[in-house]
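This report refers to the structure that appears directly beneath it.
The values are calculated or read from the model by the stated rules, or taken from the named source; none is laboratory data. Keep in mind that this is a model prediction, so the values were computed, not measured. Note that we place each Cβ from the backbone using ideal geometry, even for glycine, and neighbour counts take in every protein chain shown. Heads up: the accessible areas ignore ligands, DNA and RNA and are worked out on the full protein's heavy atoms, side chains in. Shrake-Rupley method; radii C 1.70, N 1.55, O 1.52, S 1.80 Å.
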Amino acid sequence: MAEVCDHICVDGVRAATHTGYDRVVFDLGEGPLPTVEATHSTSSGYDTPGGEPRNLVIPGSSYLFLSLKGAGDGDFLTTNPGVESFNLPTVKASQFLFDTDAILGFSPAIDFGITLDSPVSRYKVFTLTQPNRVVVDIYR
(Lines give C-alpha, C1' and ligand atoms only; values in the text may rest on other atoms or scores of the structure.)
Protein backbone atom coordinates (compact mmCIF):
# COMPACT_ATOMS: atom_id res chain seq x y z
CA MET A 1 0.00 0.00 0.00
CA ALA A 2 1.37 3.42 -0.97
CA GLU A 3 2.05 6.01 1.67
CA VAL A 4 -0.49 8.85 1.77
CA CYS A 5 0.18 12.45 2.81
CA ASP A 6 -1.85 15.58 2.15
CA HIS A 7 1.50 17.15 1.23
CA ILE A 8 4.94 15.70 0.56
CA CYS A 9 5.87 12.87 2.96
CA VAL A 10 9.10 12.56 4.93
CA ASP A 11 10.15 8.97 4.28
CA GLY A 12 13.34 8.69 6.32
CA VAL A 13 16.42 10.30 7.85
CA ARG A 14 20.02 9.32 7.25
CA ALA A 15 23.39 10.87 8.05
CA ALA A 16 27.06 10.56 7.09
CA THR A 17 30.33 12.29 7.83
CA HIS A 18 32.46 14.08 5.25
CA THR A 19 35.71 16.06 5.43
CA GLY A 20 34.90 19.14 7.54
CA TYR A 21 31.17 18.51 7.96
CA ASP A 22 28.42 16.02 8.77
CA ARG A 23 25.38 15.72 6.52
CA VAL A 24 21.83 14.85 7.59
CA VAL A 25 19.38 13.99 4.80
CA PHE A 26 15.60 13.86 5.09
CA ASP A 27 14.34 11.67 2.25
CA LEU A 28 11.01 12.87 0.81
CA GLY A 29 8.30 11.37 -1.36
CA GLU A 30 6.70 12.95 -4.40
CA GLY A 31 5.20 16.45 -4.37
CA PRO A 32 6.17 20.08 -3.93
CA LEU A 33 9.27 20.56 -1.79
CA PRO A 34 8.74 21.93 1.73
CA THR A 35 10.02 25.25 3.00
CA VAL A 36 12.49 24.62 5.81
CA GLU A 37 12.95 26.77 8.91
CA ALA A 38 16.04 25.98 11.00
CA THR A 39 17.07 27.25 14.43
CA HIS A 40 20.34 26.53 16.27
CA SER A 41 20.14 26.46 20.09
CA THR A 42 22.23 25.56 23.12
CA SER A 43 19.05 24.29 24.82
CA SER A 44 17.43 20.91 24.10
CA GLY A 45 14.02 22.38 24.96
CA TYR A 46 11.16 22.88 22.54
CA ASP A 47 7.41 23.42 22.82
CA THR A 48 4.78 21.14 21.31
CA PRO A 49 2.02 22.77 19.22
CA GLY A 50 -0.13 22.74 22.39
CA GLY A 51 2.55 24.71 24.27
CA GLU A 52 3.82 21.80 26.36
CA PRO A 53 7.58 22.09 27.05
CA ARG A 54 9.69 19.05 26.13
CA ASN A 55 13.37 18.20 25.66
CA LEU A 56 15.20 16.17 23.07
CA VAL A 57 15.91 12.67 24.40
CA ILE A 58 19.63 12.50 23.58
CA PRO A 59 21.69 15.28 25.22
CA GLY A 60 24.40 17.17 23.38
CA SER A 61 26.33 20.43 23.42
CA SER A 62 23.90 22.17 21.04
CA TYR A 63 20.83 21.45 18.92
CA LEU A 64 19.37 22.21 15.53
CA PHE A 65 15.59 22.36 15.23
CA LEU A 66 14.00 21.97 11.79
CA SER A 67 10.43 22.60 10.68
CA LEU A 68 9.58 21.26 7.23
CA LYS A 69 6.62 23.45 6.25
CA GLY A 70 4.23 21.80 3.82
CA ALA A 71 5.38 18.26 4.67
CA GLY A 72 3.74 15.43 6.58
CA ASP A 73 4.83 12.33 8.47
CA GLY A 74 2.78 9.75 6.54
CA ASP A 75 3.94 6.40 7.91
CA PHE A 76 7.27 7.80 9.17
CA LEU A 77 6.94 6.44 12.71
CA THR A 78 5.93 2.97 11.52
CA THR A 79 8.93 2.69 9.19
CA ASN A 80 11.54 4.73 11.14
CA PRO A 81 12.58 5.12 14.77
CA GLY A 82 11.38 8.32 16.47
CA VAL A 83 14.94 8.83 17.74
CA GLU A 84 17.87 7.69 15.62
CA SER A 85 21.48 7.74 16.84
CA PHE A 86 24.24 8.53 14.36
CA ASN A 87 27.43 8.92 16.44
CA LEU A 88 29.20 11.10 13.87
CA PRO A 89 31.87 13.70 14.76
CA THR A 90 29.21 16.44 15.08
CA VAL A 91 25.79 14.80 14.72
CA LYS A 92 24.73 12.50 17.57
CA ALA A 93 21.08 11.91 16.72
CA SER A 94 17.87 13.03 15.05
CA GLN A 95 14.46 13.02 16.69
CA PHE A 96 10.94 13.29 15.29
CA LEU A 97 9.20 15.99 17.37
CA PHE A 98 5.67 16.37 15.99
CA ASP A 99 3.49 16.71 12.91
CA THR A 100 0.96 19.56 12.74
CA ASP A 101 -0.91 18.27 9.67
CA ALA A 102 -3.98 17.12 11.63
CA ILE A 103 -3.99 19.90 14.25
CA LEU A 104 -6.76 22.43 13.65
CA GLY A 105 -5.45 25.96 13.20
CA PHE A 106 -1.87 24.93 12.33
CA SER A 107 -0.21 24.88 8.94
CA PRO A 108 0.99 21.45 7.85
CA ALA A 109 4.58 20.81 8.99
CA ILE A 110 6.76 18.09 10.44
CA ASP A 111 9.40 19.06 13.01
CA PHE A 112 12.68 17.38 13.92
CA GLY A 113 15.51 18.01 16.36
CA ILE A 114 19.15 17.20 15.65
CA THR A 115 21.48 16.68 18.62
CA LEU A 116 25.00 18.01 18.07
CA ASP A 117 28.07 17.19 20.14
CA SER A 118 30.91 19.26 18.80
CA PRO A 119 31.60 22.90 18.06
CA VAL A 120 29.55 23.98 15.06
CA SER A 121 30.96 26.79 12.92
CA ARG A 122 27.87 27.04 10.70
CA TYR A 123 25.22 24.99 8.97
CA LYS A 124 23.52 25.05 5.58
CA VAL A 125 20.02 23.77 4.77
CA PHE A 126 18.87 23.18 1.19
CA THR A 127 16.57 21.00 -0.91
CA LEU A 128 17.39 18.74 -3.81
CA THR A 129 15.28 16.83 -6.33
CA GLN A 130 15.47 13.52 -8.20
CA PRO A 131 14.94 12.16 -5.57
CA ASN A 132 13.35 14.83 -3.37
CA ARG A 133 15.20 15.54 -0.12
CA VAL A 134 16.13 18.14 2.47
CA VAL A 135 19.87 18.30 3.18
CA VAL A 136 21.52 19.78 6.27
CA ASP A 137 25.29 20.25 6.22
CA ILE A 138 26.75 20.96 9.67
CA TYR A 139 30.31 22.27 9.54
CA ARG A 140 32.92 21.63 12.23
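Working only within the range 104-122, note down all residues that are of a type in the set (Ser, Thr, Tyr) and assigned to a loop (DSSP other than H, G, I, E, B). Once the filter is applied, which keeps residues that are of a type in the set (Ser, Thr, Tyr) and assigned to a loop (DSSP other than H, G, I, E, B), the range 104-122 yields SER107, SER118, SER121.
Of all residues in the range 123-140, those being over 15 Å from LEU28 (Cα atoms), at pLDDT 95 or above and surrounded by fewer than 18 Cβ atoms within 10 Å (Cβ to Cβ) number 3.
Please go through the range 41-62 and give me each residue that is part of a loop (DSSP other than H, G, I, E, B) and among the hydroxyl-bearing types (Ser, Thr, Tyr), ordered by number. Across the range 41-62, the qualifying residues are THR42, SER43, SER44, THR48, SER61.
Here's the yes/no breakdown for (1) touching a residue at least 40 places away in the same chain (Cβ under 8 Å); (2) under 13 Å from the mean Cα position of the chain (by Cα):
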{"site": "VAL91", "(1), (2)": "yes, yes"}
{"site": "ASP101", "(1), (2)": "yes, no"}
{"site": "GLY105", "(1), (2)": "no, no"}
{"site": "SER118", "(1), (2)": "yes, no"}
{"site": "SER121", "(1), (2)": "no, no"}
{"site": "VAL125", "(1), (2)": "yes, yes"}
{"site": "GLN130", "(1), (2)": "no, no"}
{"site": "VAL136", "(1), (2)": "yes, yes"}
{"site": "TYR139", "(1), (2)": "yes, no"}
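Among the conditions (1) without any contact (Cβ under 8 Å) to a residue 60 or more places away in the chain; (2) within 13 Å of PHE112 (Cβ to Cβ); (3) surrounded by 14 or more Cβ atoms within 10 Å (Cβ to Cβ); (4) not basic (Lys, Arg), the only one that GLU37 does not satisfy is (3).
For PHE26, are the conditions met, namely being of a type outside the set (S, T, N, Q), under 15 Å from the mean Cα position of the chain (by Cα) and over 18 Å from THR129 (Cβ atoms)? Spelling it out, it is not the case that PHE26 is of a type outside the set (S, T, N, Q), under 15 Å from the mean Cα position of the chain (by Cα) and over 18 Å from THR129 (Cβ atoms).
Out of the range 1-34, which residues are outside any strand (DSSP E or B), charged (D, E, K, R) and surrounded by 12 or more Cβ atoms within 10 Å (Cβ to Cβ)? Walk me through how you get there before you give the answer.
Applying the first criterion (outside any strand (DSSP E or B)) to the range 1-34 yields 1-7, 19-20, 29-34.
Applying the additional criterion that residues be charged (D, E, K, R) yields 3, 6, 30.
Result: GLU3, ASP6.
Output the residues belonging to the range 107-116 that are free of Cβ contacts under 8 Å to residues at least 60 places away in the same chain and either basic (Lys, Arg) or more than 22 Å from THR42 (Cβ to Cβ) (or both). SER107, the sole residue that qualifies.
Could you check the range 64-82 and list, in sequence order, the residues that are open to solvent by 70 Å² or more (accessible area, probe 1.4 Å) and either polar (S, T, N, Q) or under 19 Å from ALA15 (Cβ atoms) (or both)? Break it down into steps so the answer makes sense when it comes.
Residues of the range 64-82 open to solvent by 70 Å² or more (accessible area, probe 1.4 Å): 69, 77-79.
Correct list: LEU77, THR78, THR79.
Considering (1) over 18 Å from VAL125 (Cβ atoms); (2) free of Cβ contacts under 8 Å to residues at least 60 places away in the same chain, the lone condition that SER67 does not fulfil carries the number (1). Kindly provide the set of residues from the range 83-106 that are modelled with pLDDT under 95 and open to solvent by less than 30 Å² (accessible area, probe 1.4 Å), ordered by number. Residue satisfying the conditions is THR100 alone.
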